[in-house]
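So the structure is just underneath, and the comments pick up after that.
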Amino acid sequence: VAVQYFARTRELVGLCSETSVPQQITSLQLWEEITKIHPRLVVIWDQVVFAVQQEYVLLGDQLLILQPRDKVAIIPPISGG
(Lines give C-alpha, C1' and ligand atoms only; values in the text may rest on other atoms or scores of the structure.)
Protein backbone atom coordinates (compact mmCIF):
# COMPACT_ATOMS: atom_id res chain seq x y z
CA VAL A 1 0.00 0.00 0.00
CA ALA A 2 1.38 3.40 -0.93
CA VAL A 3 0.83 6.39 1.36
CA GLN A 4 1.07 9.68 -0.52
CA TYR A 5 1.68 13.08 1.06
CA PHE A 6 0.59 16.40 -0.41
CA ALA A 7 1.28 20.10 0.29
CA ARG A 8 1.79 20.74 4.03
CA THR A 9 1.91 17.04 4.91
CA ARG A 10 4.72 16.61 2.37
CA GLU A 11 6.59 19.52 3.95
CA LEU A 12 6.18 18.09 7.47
CA VAL A 13 7.17 14.55 6.48
CA GLY A 14 9.83 15.36 3.90
CA LEU A 15 8.57 12.65 1.56
CA CYS A 16 6.20 12.39 -1.39
CA SER A 17 5.20 8.83 -0.58
CA GLU A 18 6.13 5.68 1.28
CA THR A 19 4.91 2.11 1.53
CA SER A 20 4.21 -0.58 4.11
CA VAL A 21 0.88 -0.04 5.80
CA PRO A 22 -1.15 -2.83 7.47
CA GLN A 23 -3.89 -4.06 5.17
CA GLN A 24 -6.79 -4.12 7.69
CA ILE A 25 -6.89 -1.07 9.91
CA THR A 26 -9.26 1.73 10.88
CA SER A 27 -8.58 5.17 9.47
CA LEU A 28 -7.76 6.43 12.98
CA GLN A 29 -5.33 3.56 13.61
CA LEU A 30 -3.68 4.28 10.27
CA TRP A 31 -3.26 7.93 11.25
CA GLU A 32 -1.78 6.89 14.61
CA GLU A 33 0.71 4.58 12.87
CA ILE A 34 1.73 7.35 10.46
CA THR A 35 2.17 9.90 13.26
CA LYS A 36 4.38 7.46 15.19
CA ILE A 37 6.73 7.52 12.22
CA HIS A 38 6.20 11.23 11.45
CA PRO A 39 5.30 12.97 14.73
CA ARG A 40 5.42 16.43 13.13
CA LEU A 41 2.06 15.64 11.49
CA VAL A 42 0.31 15.79 14.87
CA VAL A 43 0.00 19.58 14.52
CA ILE A 44 -2.61 19.15 11.78
CA TRP A 45 -4.42 16.03 13.06
CA ASP A 46 -7.80 17.78 13.30
CA GLN A 47 -7.60 19.10 9.74
CA VAL A 48 -6.47 16.03 7.80
CA VAL A 49 -8.61 13.95 5.48
CA PHE A 50 -7.64 10.65 3.89
CA ALA A 51 -8.49 9.51 0.41
CA VAL A 52 -8.36 5.78 -0.28
CA GLN A 53 -8.44 5.01 -3.97
CA GLN A 54 -9.59 8.60 -4.56
CA GLU A 55 -12.55 8.40 -2.14
CA TYR A 56 -12.57 10.54 0.99
CA VAL A 57 -12.42 8.81 4.37
CA LEU A 58 -12.78 10.64 7.68
CA LEU A 59 -10.57 9.75 10.63
CA GLY A 60 -12.51 7.39 12.85
CA ASP A 61 -13.50 3.79 13.41
CA GLN A 62 -14.23 3.00 9.77
CA LEU A 63 -12.38 -0.20 8.87
CA LEU A 64 -10.18 0.10 5.82
CA ILE A 65 -9.42 -3.10 3.96
CA LEU A 66 -6.46 -2.12 1.85
CA GLN A 67 -5.24 -4.10 -1.12
CA PRO A 68 -1.50 -4.25 -1.94
CA ARG A 69 -1.75 -1.76 -4.83
CA ASP A 70 -4.10 0.71 -3.13
CA LYS A 71 -3.06 4.30 -2.60
CA VAL A 72 -3.85 6.28 0.54
CA ALA A 73 -3.54 10.05 0.15
CA ILE A 74 -3.05 12.19 3.25
CA ILE A 75 -4.75 15.45 2.38
CA PRO A 76 -3.74 18.47 4.44
CA PRO A 77 -5.84 21.49 5.29
CA ILE A 78 -6.79 23.35 2.15
CA SER A 79 -7.66 27.02 2.13
CA GLY A 80 -9.64 28.47 -0.69
CA GLY A 81 -9.70 31.93 -2.10
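The values are calculated or read from the model by the stated rules, or taken from the named source; none is laboratory data. Everything numeric in this text was worked out from a predicted model, so none of it was measured. When we count neighbours, we look across all protein chains shown, and the Cβ atoms used for this are built from the backbone with ideal geometry, even at glycine. When the accessible area is computed, the model is the full protein with side chains, heavy atoms only, and any ligands, DNA or RNA have been set aside. Shrake-Rupley method; radii C 1.70, N 1.55, O 1.52, S 1.80 Å.
A few comments on the model shown:
- For region 50-62, a residue qualifies if it is over 16 Å from SER17 (Cα atoms) and either of a type in the set (Phe, Trp, Tyr) or open to solvent by 40 Å² or more (accessible area, probe 1.4 Å) (or both), and the qualifying residues are GLU55, TYR56, LEU58, LEU59, ASP61, GLN62.
- Considering residues of region 17-48 that are part of a loop (DSSP other than H, G, I, E, B) and surrounded by 12 or more Cβ atoms within 10 Å (Cβ to Cβ) only, the residue modelled with the highest pLDDT: HIS38
- Filter result (of a type in the set (S, T, N, Q) and under 12 Å from the mean Cα position of the chain (by Cα)) within region 24-40: THR26, SER27, GLN29, THR35
- Residue selected from region 49-81 under the condition assigned to a loop (DSSP other than H, G, I, E, B) and in contact with a Leu (Cβ under 7 Å, 6 or more places away or on another chain), by the criterion nearest to ALA7 (Cα to Cα): LEU59
- Close contacts from region 1-29, counting a first residue that is of a type in the set (Phe, Trp, Tyr) and a second that is open to solvent by 60 Å² or more (accessible area, probe 1.4 Å), with Cβ to Cβ under 7 Å and a gap of 6+ residues or different chains, come to TYR5/LEU15; TYR5/CYS16; TYR5/SER17.
- Residue among ILE75, ILE65 that alone is of a type in the set (Val, Ile, Thr) and surrounded by 12 or more Cβ atoms within 10 Å (Cβ to Cβ): ILE75
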